[in-house]
Amino acid sequence: MSSATHPRSRTYLRQATADSLLFQSSSPMAPQQQINLPAKLINGGVAGIVGVTCVFPIDLAKTRLQNQRSGQQIYRNMMDCLIKTVRSEGYFGMYRGAAVNLTLVTPEKAIKLAANDFLRHLLSKDGGKLTVLKEMLAGCGAGMCQVVITTPMEMLKIQLQDAGRLAAQQRVIPSVVTCLQRGRPMAVLSRSYNAPLLARPSAMQITRELLATKGVMGLYRGLGATLMRDIPFSVVYFPLFAHLNQLGQRSLGDSTVPFYWSFLAGCAAGSTAAVAVNPCDVIKTRLQSLSKGANEETYNGVMDCISKIMRKEGPVAFLKGAGCRALVIAPLFGIAQVMYLIGVGEFILENTSFHLYSA
């Protein structure tokens with residue numbers, strides 16, 4: 001059946017192989033544009049790689065700040081964390097865990113962005129405009145799909161990112177003991193001061209140990225907290241981005257949106273959603289941290305984590321790393337949306353040109 005003779009096939013064209021699957025994008029950014037699904041997956045993957053490479057050091061600072069307990073601070077703020085990381089671990093210390101992220105962010109971002117578009121299509125009727133509720137449902141579905149990759153990726157990344165903080169904490173302890181011996185009061189950790197510094201693990205080592213001791217589910221520790229973070233994030237982010245991006249059409253008086261507008265819309269929507277779900281991100285980070293520093297408690301699930309943080313650190317602890325997270329997510333999703341919308345996948349698969357004006 002050809003799309004010329006059968007109008008309905010222009011909305012959804014199904015062919016024999018998955019590589020030729022096409023669907024009609026129903027987002028406000030791309031009315032009546034037919035998009036190749038494999039190209040969408042490539043776009044999402046490339047977007048994730050570029051974005052992560054640009055903002056990973058800030059993400060490392062966010063993880064370390066979120067894992068700090070009150071009275072046991074190694075880092076005062078993001079810049080202090082990055083400076084101390086470079087001094088003690090070298091420039092590439094800021095990229096600890098980046099290999100895991102770059103390996104898994106391709107399928108993660110591909111699933112997230114492509115699933116949102118696909119679900120928007122399924123929820124639309126004859127290419128009609130989606131209601132906000134349906135946009136939120138599409139975002140919810142995208143968030144649920146991505147955790148298959150996000151949970152083990154975050155699990156491994158957090159262990160690698162936080163190893164430097166734990167090592168720095170051990171280095172601080174002897175100087176603390178000296179201060180106490182000289183009569184200077186200082187509230188910090190207590191542990192064996194002659195203990196060897198923690199060996200910095202590799203992703204493969206952590207994976208093997210988890211699979212050997214806990215099976216596949218060991219890699220999915222914190223799954224509930226990841227869902228609790230990623231579903232609300234996607235529910236907020238995708239509709240907000242779609243509407244902010246659509247404002248570019250109205251304000252510029254054009255049917256297309258320039259790439260810089262999509263970048264700004266992605267930054268604004270990403271930072272808003274990131275700050276909104278930061279408490280969930282703190283909980284997820286704490287639950288997924290396998291190695292603990294001195295006097296750092298363990299948690300038995302989401303509710304136990306919330307209870308202990310509230311009791312010992314107060315509600316302000318749920319905002320730890322919020323600034324870093326906004327600085328990570330804003331450019332990450334701004335870059336991701338631009339790379340996604342200019343058509344890298346279409347260029348690779350169909351030899352088309354890049355579009356500096358998004359569809």
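For the reader, a short list of remarks on this structure follows.
- When region 286-307 is filtered for residues that are over 16 Å from GLN66 (Cα atoms) and of a type in the set (Asp, Glu), only ASP304 remains.
- Some residue of region 123-136 being part of a helix (DSSP H, G or I) and without any contact (Cβ under 8 Å) to a residue 12 or more places away in the chain: yes
- Within region 119-130, the residues that satisfy the criterion of being closer than 17 Å to SER234 by Cβ and either of a type in the set (D, E, K, R) or open to solvent by 60 Å² or more (accessible area, probe 1.4 Å) (or both) are ARG120, LEU122.
- Residue in region 224-245 that is closer than 18 Å to ILE283 by Cα, modelled with pLDDT of 80 or more, open to solvent by 40 Å² or more (accessible area, probe 1.4 Å) and of a type outside the set (A, V, I, L, M, F, W, C) present: yes
- Single condition SER271 does not satisfy, out of (1) open to solvent by less than 10 Å² (accessible area, probe 1.4 Å); (2) under 16 Å from the mean Cα position of the chain (by Cα); (3) without any contact (Cβ under 8 Å) to a residue 60 or more places away in the chain: (1)
- Flag set for ILE173, criterion: at pLDDT below 80 and in a helix (DSSP H, G or I).
- Condition met for GLY266 (in contact with a helix residue (DSSP H, G or I) (Cβ under 8 Å, 6 or more places away or on another chain), in a helix (DSSP H, G or I), of a type outside the set (A, V, I, L, M) and farther than 30 Å from SER307 by Cβ): yes
- Positions within region 49-105 being β-branched (Val, Ile, Thr), in a helix (DSSP H, G or I) and more than 18 Å from the chain's Cα centre (by Cα), in sequence order: ILE83, THR85, VAL86
- When residues of region 284-305 are limited to those that are open to solvent by 10 Å² or more (accessible area, probe 1.4 Å) and among the hydrophobic types (A, V, I, L, M, F, W, C), the one farthest from PHE56 (Cα to Cα): MET303
- Close pairs (6 angstrom Cβ cut-off, 6 or more residues apart or separate chains): more than 13 Å from GLY323 (Cα to Cα) and in contact (Cβ under 8 Å) with a residue 40 or more places away in the chain in region 74-87, part of a helix (DSSP H, G or I) and of a type in the set (S, T, N, Q) anywhere: ILE74/GLN169
- Only residues that are hydrophobic (A, V, I, L, M, F, W, C), closer than 18 Å to ASP230 by Cα and buried (at least 16 other Cβ atoms within 10 Å of the Cβ) were counted across region 306-331, and they come to 9.
- Check on GLN68, surrounded by 24 or more Cβ atoms within 10 Å (Cβ to Cβ) and either touching a helix residue (DSSP H, G or I) at 6+ places or on another chain (Cβ under 9 Å) or among the hydrophobic types (A, V, I, L, M, F, W, C) (or both): no
- Here SER289 fulfils each of the conditions (1) polar (S, T, N, Q); (2) within 22 Å of ASN101 (Cβ to Cβ); (3) modelled with pLDDT of 90 or more apart from (3).
- Total residues in region 214-223 satisfying the condition of being basic (Lys, Arg) and crowded, with 18+ Cβ neighbours inside 10 Å: the figure is 1.
- Considering (1) among the basic types (Lys, Arg); (2) at pLDDT below 75; (3) outside any helix (DSSP H, G or I), the lone condition that ARG10 does not fulfil carries the number (3).
- The listed residue being open to solvent by less than 20 Å² (accessible area, probe 1.4 Å) and either within 23 Å of PRO201 (Cα to Cα) or β-branched (Val, Ile, Thr) (or both), out of ALA61, ALA39, ALA115: ALA61
- Of everything in region 118-163 that is among the charged types (D, E, K, R) and out of contact with any helix residue (DSSP H, G or I) (no Cβ under 9 Å at 6 or more places or on another chain), the residue that is modelled with the highest pLDDT is LYS129.
- On the stretch given as region 63-90, residues that are of a type in the set (Gly, Ala, Ser) and touching a Gly at 6+ places or on another chain (Cβ under 6 Å) total 0.
The values are calculated or read from the model by the stated rules, or taken from the named source; none is laboratory data. Please read all numbers here as calculations on a predicted model, not as lab measurements. Neighbour counts are summed over all protein chains in view; Cβ atoms, including those assigned to glycine, are modelled from backbone coordinates with ideal geometry. We work out accessible area using only protein heavy atoms, side chains counted, and drop any ligands, DNA or RNA first. Shrake-Rupley method; radii C 1.70, N 1.55, O 1.52, S 1.80 Å.
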